[in-house]
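Enquirer: Here it is, the structure, as structure tokens.
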Amino acid sequence: MQRYLREVTLIGALGLGAFLGVAAAQGQKAVHVDSAKATYKELAPGASGAVVWGDMDKGPYAAFTKFVPGASFPLHMHTSDLRIVVLKGAYVYKPEKGPEQRVSAGQYLFITGGDRHVSGADAKEGALFYQESPGKFDLNPVQ
């Protein structure tokens, strides 16, 4: 009998949790952010970001990021994974050990946390991309 009550209680708790999760998700409103009208703040010289959701300083977050034309960021790494979709121009990615990759508009790039790389932007158009991460944004130079 006690086993039956524990199972019923567990099933009830799981059901209630699922219901509350769905209810919370349905209570959220649609979010629309126009990258052309967003408010950007400087992340580093030549790079700026506009938060779409979350908190870049604490994570998780998503943001639009702009690199000025010809921007180049020396060998560095990020603590958390980054997912990038280029919207305009090109993001130039060069892993420490590997060939340079030009990630153009409409293309996706996944960078694992701890990956040592150089990044930059197209010399003429720069880069505008959407990025998201499960952690905070950081830029850790590699010596």
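Enquirer: How about the range 67-108: which of its residues are over 16 Å from Tyr130 (Cβ atoms), outside any loop (DSSP other than H, G, I, E, B), in contact (Cβ under 8 Å) with a residue 12 or more places away in the chain and in contact with a Leu (Cβ under 8 Å, 6 or more places away or on another chain)?
Expert: Correct list: Phe73, His76.
Enquirer: When residues of the range 52-66 are filtered for being under 20 Å from Ser119 (Cα atoms) and either of a type in the set (A, V, I, L, M) or assigned to a loop (DSSP other than H, G, I, E, B) (or both), how many remain?
Expert: Of the residues in that region, 3 qualify.
Enquirer: If only one of Lys88, Lys124, Lys97, Lys136 is in the same structural domain as Ala47 (by TED's automatic domain parsing) and out of contact with any strand residue (DSSP E or B) (no Cβ under 9 Å at 6 or more places or on another chain), which one is it?
Expert: Lys97
Enquirer: Quick check on Gly49: is it part of a strand (DSSP E or B) and at pLDDT 90 or above?
Expert: Yes.
The values are calculated or read from the model by the stated rules, or taken from the named source; none is laboratory data. The model shown is predicted, which means the values in this text are computed figures rather than measured ones. Reconstructed Cβ throughout: ideal geometry from the backbone, glycine too, with neighbour counts over all protein chains shown.
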